[in-house]
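Okay, so here's the structure we're looking at.
The values are calculated or read from the model by the stated rules, or taken from the named source; none is laboratory data. Keep in mind that this is a model prediction, so the values were computed, not measured. Virtual Cβ from ideal backbone geometry, glycine too; neighbours counted across all protein chains shown.
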Amino acid sequence: MNQKKPKRRQPNKAAGRRQNPNQPRPVRESTAGGVVWRKVDGQFQILMIQDRQGRWTIPKGHVEPGESLEQTALREIGEETGLHALKLGDKLSKIHFFYRKEAKLISMTTHVYLVESTDAGEAVVPEDSPGIIDAKWFGASDAIRLVEYRDTERLFRMALTRLQGRGRRSYGRARQRRRRAIMQATSNS
């Protein structure tokens with residue numbers, strides 16, 4: 001009749017601690033950017049930049065002092081692509097990754113927004129910098145095929161799902177709030 005009590009699991013005391021206490025902590029950095037889109041002849045296009053490794057990705061850059069994430073996203077897109085007729089949409093997600101720079105370990109968080117290019121005639125002019133090789137518009141399926149970073153591909157798919165109205169939230173939270181307010185006002189009348 002004496003049943004044994006299940007053993008309690010001991011918490012992992014090393015969880016959340018660095019393996020080597022002499023190892024320096026990573027330097028935290030934040031960047032912001034966007035999945036920039038437009039619709040041409042009923043088809044979605046995504047703007048991509050080609051980075052110094054020759055990989056196609058999204059425009060993004062470091063947050064400057066006193067600047068919000070949203071301001072950074074729009075500024076960096078403008079600097080890297082030459083586009084300035086932009087409409088900031090919902091925040092899509094964050095990407096976290098580590099890299100080494102000058103013997104320092106960097107913990108990077110990139111905040112990514114859905115951004116609409118509102119002037120179809122505005123020319124894309126890639127930034128003249130060593131970090132950017134090119135910037136171009138691609139059809140949605142080509143963009144997904146060309147992207148080499150898995151997190152960026154996930155963001156493209158998330159953006160397209162929202163733009164096509166199949167996601168949890170469609171493009172534009174403000175529009176949804178206005179609709180709810182109108183619905184509530186008419187139901188209270």
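Given (1) in contact with a strand residue (DSSP E or B) (Cβ under 9 Å, 6 or more places away or on another chain); (2) more than 20 Å from M158 (Cα to Cα); (3) not in a strand (DSSP E or B), where does A123 come up short, assuming only one miss?
Tallying (1) in contact with a strand residue (DSSP E or B) (Cβ under 9 Å, 6 or more places away or on another chain); (2) more than 20 Å from M158 (Cα to Cα); (3) not in a strand (DSSP E or B), A123 fails exactly one: (1).
Is it the case that some residue within the stretch 27-38 is part of a loop (DSSP other than H, G, I, E, B) and over 18 Å from the mean Cα position of the chain (by Cα)? Before you say what the answer is, go through the steps one by one.
In the first step, residues of the stretch 27-38 are kept if they are part of a loop (DSSP other than H, G, I, E, B); the result is none.
Among the residues of the stretch 27-38, not one is part of a loop (DSSP other than H, G, I, E, B) and over 18 Å from the mean Cα position of the chain (by Cα), which makes the answer no.
Going by the structure shown, is E76 out of contact with any Ser or Thr (no Cβ under 6 Å at 6 or more places or on another chain) and either buried (at least 17 other Cβ atoms within 10 Å of the Cβ) or aliphatic (A, V, I, L, M) (or both)?
Working: out of contact with any Ser or Thr (no Cβ under 6 Å at 6 or more places or on another chain): yes; either buried (at least 17 other Cβ atoms within 10 Å of the Cβ) or aliphatic (A, V, I, L, M) (or both): yes.
Yes, satisfied.
Does any residue of the stretch 87-98 turn out to be in a strand (DSSP E or B), at pLDDT 90 or above, more than 17 Å from H111 (Cα to Cα) and of a type in the set (A, V, I, L, M, F, W, C)? Please lay out each step first, then the result.
Applying the first criterion (in a strand (DSSP E or B)) to the stretch 87-98 yields 87-98.
Those left that are additionally at pLDDT 90 or above: 87-94.
Narrowing further to those that are more than 17 Å from H111 (Cα to Cα): none.
The answer is no, given that none of the residues of the stretch 87-98 is in a strand (DSSP E or B), at pLDDT 90 or above, more than 17 Å from H111 (Cα to Cα) and of a type in the set (A, V, I, L, M, F, W, C).
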